[in-house]
1. Between LYS70 and LYS2, what FRET efficiency comes out of the Förster formula 1/(1 + (r/R0)^6) with R0 = 25 Å and r the beta carbon distance, rounded to 0.05?
2. Take each of the peptides 55-66, 9-20, average the number of other beta-carbon atoms within 10 Å over its residues, and list them starting from the highest.
3. Helix 97-108: angle to the longest alpha-carbon principal axis of the chain, degrees 0 to 90, nearest 10?
4. How large is the helix-only mean residue ellipticity at 222 nm for the chain, computed as the sum of -39500 (n - 2.57) over DSSP H runs with n ≥ 4, divided by its residue count, in deg cm²/dmol to the nearest 500?
5. Going Cα to Cα from LYS123, which lysines come in below 23 Å? Please leave out same-chain ones fewer than 8 positions away.
6. Of all the C-alpha pairs in the chain, what % are more than 22 Å from each other?
7. What's the magnitude of the charge dipole for the chain around its Cα centre, counting Lys and Arg as +1 and Asp and Glu as -1 at the beta-carbon? Answer in Debye, nearest 20.
8. Note the full-extension length gain between GLU27 and LYS118 as 0.36 nm times their separation in residues minus their Cα-Cα distance, in nm to one decimal.
Amino acid sequence: MKTFAKAQLSAFLGGIVDYLVMLFFTEIVGFFYTYSIVIGGIIGAIVNFSLNRMWTFNATDTKKRVQLPKFVLMVAGSILLKSSGTYAFSNYFGIDYKISRIIVDLMVSLGFNFTLQKLWVFKS
């Protein structure tokens, strides 16, 4: 339970960075929100990887070159799920992309990211 709580805090912090970057690139720069989700996802992933490796899973004994390729694959899947899920919720259900993104993020974070990080990326 402690690891799950730490993972959720790490995901929340990475998610805040991700979400703010998405808003910046969509609202200020003018990118379409699915492109902004990709940029935010990459930057948020850097924060999340660092926190999870050092703090959540205390997985510094394993070399980064082993963990990083797995993490990159997981993040690619996560970004695909987030961008397509946000697009679907926004276009098919008429929900604002900012709200859709939060809904989709919760589902992806709990059902996809945590599971893969615990059982595959940072498995000791």
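1. Details: r = 23 Å, r/R0 = 0.91.
My answer for the efficiency is 0.65.
2. Values: 55-66: 13.2, 9-20: 18.7.
Order by mean packing, descending: 9-20, 55-66.
3. Approximately 30 degrees, to the nearest 10.
4. Working: 4 runs with 83 residues, N = 124.
Mean residue ellipticity at 222 nm (helix-derived): -23000 deg cm²/dmol.
5. Leaving aside lysines fewer than 8 places away in the same chain, those within reach of LYS123 are LYS2, LYS6, LYS63, LYS64, LYS70.
6. Values: 2426 of 7626 pairs.
Cα-Cα pairs of the chain separated by over 22 Å account for 32 percent.
7. Values: 12 positive and 5 negative charges, 126 e Å.
Its charge dipole is roughly 600 debye.
8. Details: separation 91, 0.36 × 91 = 32.76 nm, distance 3.43 nm.
Using 0.36 nm per residue and subtracting the Cα-Cα distance, I get 29.3 nm.
FYI, it's all coordinate maths here, none of it is from the lab. Everything numeric here is computed off the predicted structure, so don't read it as measured data. Virtual Cβ from ideal backbone geometry, glycine too; neighbours counted across all protein chains shown.
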